[in-house]
Every structure is written in C-alpha cells, then in structure tokens.
1. Quick one: compute the contact order of the chain, relative version, from alpha carbon pairs under 8 angstrom and 6+ residues apart, as a percent.
2. Take every Cα pair under 8 Å in region 143-257 that's 6+ residues apart, average their separations, divide by the length, and report that relative contact order as a whole percent.
3. Just how far, in whole angstrom, is region 212-257 from region 119-142 if you go by their alpha carbon centroids?
4. State whether region 171-257 is rounded, prolate or oblate according to the following rule on the C-alpha gyration tensor (a ≥ b ≥ c being the square roots of its eigenvalues): a/c under 1.5 gives rounded; otherwise a/b larger than b/c gives prolate, and the remaining case gives oblate.
5. Accessible area per residue, 1.4 Å probe, Å², for the chain: what's the number?
6. Rounded, prolate or oblate for region 60-200? Axes are the square roots of the Cα gyration tensor eigenvalues, ordered a ≥ b ≥ c, and the cut-off for rounded is a/c under 1.5.
7. Whenever you get a sec, compute what percent of the accessible area on region 152-257 sits on carbon and sulfur atoms (1.4 Å probe).
8. How far is the Cα center of region 9-71 from the Cα center of region 143-209, in Å?
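The values are calculated or read from the model by the stated rules, or taken from the named source; none is laboratory data. Quantities reported herein were computed from a predicted structural model and do not represent experimental measurements. When we count neighbours, we look across all protein chains shown, and the Cβ atoms used for this are built from the backbone with ideal geometry, even at glycine. Ligands, DNA and RNA are stripped out before the accessible areas are found, and what is left, the full protein with its side chains, is counted by its heavy atoms. Shrake-Rupley method; radii C 1.70, N 1.55, O 1.52, S 1.80 Å.
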Amino acid sequence: MKVSTPKELTVRVKKINKIKTDIFLLSFDSVYISKNSSPGQFLHIKIIKTILRRPFSIHCVKGKTVFILFRIRGRGTQILSDYKKGDELNIIGPLGRGFCLNSKSGKNILLAGGLGVAPLVFLADRLKQTKPIAILGAKDKNDTICADEFRKRGCRVYIATEDGSKGRKGTAVDILKSLFNKFNKSDKINLYTCGPEGMFKGMKKAIGKNKNVNCQVSFEQFMGCGLGSCCGCTIETKNGYKKVCKDGPVFNMNDVL
Ligand SMILES: Cc1cc2nc3c(=O)[nH]c(=O)nc-3n(C[C@H](O)[C@H](O)[C@H](O)COP(=O)(O)OP(=O)(O)OC[C@H]3O[C@@H](n4cnc5c(N)ncnc54)[C@H](O)[C@@H]3O)c2cc1C
C-alpha cells in the first residue's frame, strides 16, 4: 500500500448533502488528496470553534472531488454539518495506513457496522473488478446507508438490521457466519471491516481458527495530532504499542483483537 506525504491544505466545500437526519455527505475538490489517497486513509479536519482536529475517513474519490461521510456525534460534527458550499476547510491528509489489497486471489468481503461503510465505499471502487460482497449491518431501515453505492461498484449487497425492518433480522456478523457456512473451508477470504468494537469481537469469534480468512480492521480511536507525535491514540497490539493515526487506522485483525 502506497503511503503519500500528508499535506496541510485549504479547500472549499463543494457540496454538503443531508443523507439521513444525522448523516451528511461533504465534498471538496483537491487534486493532491484525490491522487494520493488510498482506501482506509483519513483526513484530519479543522472545524471552526474547536481546538483539536477531527478525523474522517476518505469515503470516496471521483476525479478531483473527495467525499467524506459523517454522522453528527458531538460539537465538532454538529458545527461541520452547518458548513455551506464555498466555506473554507483546513485539512491534513492523506493520513495513516489504509487497507492492503489482497484482491488477487480469494473472495473479497467488505463488512460494515453502521457508519463503518464510510471507508469501505472507496475500497469497493478499488476492488470493483473482483465483484466483492458487501455486508451492511444497521439498527433499523432508517440507519442503513450506502447499499446503492456498493451495488454501483459491482458488489453483491447483504443487509442486516437489528429489528428486521430491512434485510435479514440480526447483525452483519450473522450474515458473515451464514456465508462462511456456504463457502468451502478451503476458500481464501479477504475480509475488510469497519464498525463498532462489539462487531469486531463477534467477527473474530465467527472466524475462529480458520486460517484462510485474512481480516483487516479499521479502528476508531480518539486522536490528538493525527501525525504520530502526541501518542494520544496509542493502543496495545500483539506487536507492541501502536499509534492508530500512523500505524493504522487499519490493522491486521490478529495483531489487535
Ligand atoms: C481514523 C478515523 C476515521 C473516522 N472516520 C469517520 C467517518 O468517516 N465518519 C464519521 O462520522 N466519523 C468518523 N470518525 C469518528 C469521528 O472522528 C468522530 O465522530 C468525531 O471526531 C466526533 O467529533 P465531535 O466533535 O462531533 O464529537 P465530540 O464532542 O468530540 O464527542 C462526542 C461523543 O462521541 C464520542 N467520540 C468522539 N470521537 C470518538 C472516537 N474517535 N471514538 C469513539 N468515540 C468517539 C465521544 O466519547 C463523545 O461521547 C473517525 C474516527 C477515526 C479515528
């Protein structure tokens, strides 16, 4: 995976669309970010009236236009949701290590819990030729997002909702388990995931001792500088302490879970 030098850039909001009550799709033009980013990498965005920058995955790139998909969580994202076309946005990126693309052999499965879809749409673009499977888990039908985005990228999409209001009743991991049961034990599977920690735990259990599954997880962690200097996002891994912003946010599952 290529890791480009991050740059601090000032860009202008091109569009900001409300996708759901609390979810927004924001775009801006940047030739540098669009050319030098890879799936799983993120941007550190300075939002007015806040001190620390906030990290957001690169959702996808179309030409020179870069997209981020975000959910209102607290003060920063609330303020960001009020940005308008033409507003200035100071960003640093592309940051971090994204997904390693093991697409040459095996089945590619993208597993997203909730807003975990954010970095996986960009990945689906890169894996398009392999016709990946996308498994999307959400609380209910109002919480399911990006299914069409994955379909447009040639993915076979499976949806699970906790209340059964869309797709299968249950979790994304339940769907993963039933797919594992359908596949041959010898099938090589590349699993790319992003979502809440509870989902990761269930997923690890579902994989068990199957050595044919190579699983990468994109981790969310509170971040300070985003550049590897402050160590604020350090986590303990089987290979020692790692900084999520610099060594991640994508890790091999066996190193971190
Ligand atoms: C590498 C990376 C990529 C991310 N990509 C996206 C993305 O594409 N879209 C998106 O919507 N969000 C993404 N996030 C999460 C996003 O950064 C936070 O939602 C945002 O920083 C919240 O800022 P805020 O000021 O609105 O909330 P705050 O006021 O800072 O916090 C509000 C609440 O959210 C919780 N919270 C905030 N940040 C985190 C975090 N990182 N982990 C766990 N809990 C948190 C706090 O505990 C608090 O309860 C990503 C985080 C990381 C580390």
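1. 17
2. Across region 143-257, relative contact order equals 17 percent.
3. If you average the Cα positions of each part, the centres end up 22 Å apart.
4. Working: a/c = 2.99, a/b = 2.23, b/c = 1.34.
The shape class here is prolate.
5. Values: 12630 Å² over 257 residues.
Here the per-residue accessible area is 49 Å².
6. oblate
7. Carbon-and-sulfur percentage of accessible area, whole number: 49.
8. Each part's Cα centre sits 26 Å from the other's.
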